[in-house]
Every structure is written in C-alpha cells, then in structure tokens.
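Step one of this worksheet: look at the structure below.
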Amino acid sequence: MEEIKELIRRYGLEEDLEHVIIPFTDKNGMKKKCYLLKRKFIRIIYTEDHYEDYPLADAIKATIKYPDILLSEALSMMYKETHTDL
C-alpha cells in the first residue's frame, strides 16, 4: 500500500480509514469527489460471467486522468495509452 500512499501525496488526494478520495471538477464546473475503497484490487463486473480485477493504483490514476467517465472506460483508455494490459 506504499504505492497508494505515494499517489495520495503526489496528487494531493484525500483519504479516510476505508477510502482514497479523489476531488475533481466535472465538465459542468461542479466540484465532486470520487471514493475508492482501499483494497489491493477493484473488481469491475461487466456481465454475469465476466469480471476483471484492477490494481487500486491503476484505478486511482485512471480516475485522476478521466474523472468524468466510467471507471471501466477510464482504465481501458489509460491502458491503451500505455499499451499495457493486466
């Protein structure tokens, strides 16, 4: 979880006991916050038979970069940019 602590420091994020809190301004200028559970992985369920587990650090980076879109889409775009997959 040291990588998560570094991301919190680097990007000036907030946290509580259970969440990493990512403040952002949406495309309409409204201030919002995204709460991600502090777990090693975040599971995104695409269908009843298909799910993917993503590292929390990647979910944080994707949310910071693309706060206005679905996390699944933000992760996909981030991985395409860096040419990496899980």
Scanning the stretch 50-85 residue by residue, those surrounded by fewer than 14 Cβ atoms within 10 Å (Cβ to Cβ) and in contact with an Asp or Glu (Cβ under 7 Å, 6 or more places away or on another chain) turn out to be 68
Counting only strands (runs of 3 or more DSSP E) wholly inside the stretch 1-60, the ones holding at least 3 residues that are under 18 Å from residue 76 (Cβ atoms) are 41-47, 50-55
Residue hits (the stretch 6-23; open to solvent by 60 Å² or more (accessible area, probe 1.4 Å) and within 12 Å of residue 61 (Cβ to Cβ)) are 6, 10, 11
Reported set for the stretch 61-81 where residues are in a helix (DSSP H, G or I) and touching a helix residue (DSSP H, G or I) at 6+ places or on another chain (Cβ under 7 Å) is 61, 62, 63, 64, 65, 71, 74, 75, 78
* Could you say whether any residue in the stretch 31-43 is surrounded by 13 or more Cβ atoms within 10 Å (Cβ to Cβ), under 12 Å from the mean Cα position of the chain (by Cα) and charged (D, E, K, R)? -> yes
Residue set 86, 13; condition more than 11 Å from the chain's Cα centre (by Cα) and at pLDDT below 95; output residue 86
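The values are calculated or read from the model by the stated rules, or taken from the named source; none is laboratory data. Everything quoted here is computed from the prediction, not taken from an experiment. Note: ideal-geometry Cβ built from the backbone for every residue, glycine included; neighbour counts use all protein chains shown. We work out accessible area using only protein heavy atoms, side chains counted, and drop any ligands, DNA or RNA first. Shrake-Rupley method; radii C 1.70, N 1.55, O 1.52, S 1.80 Å.
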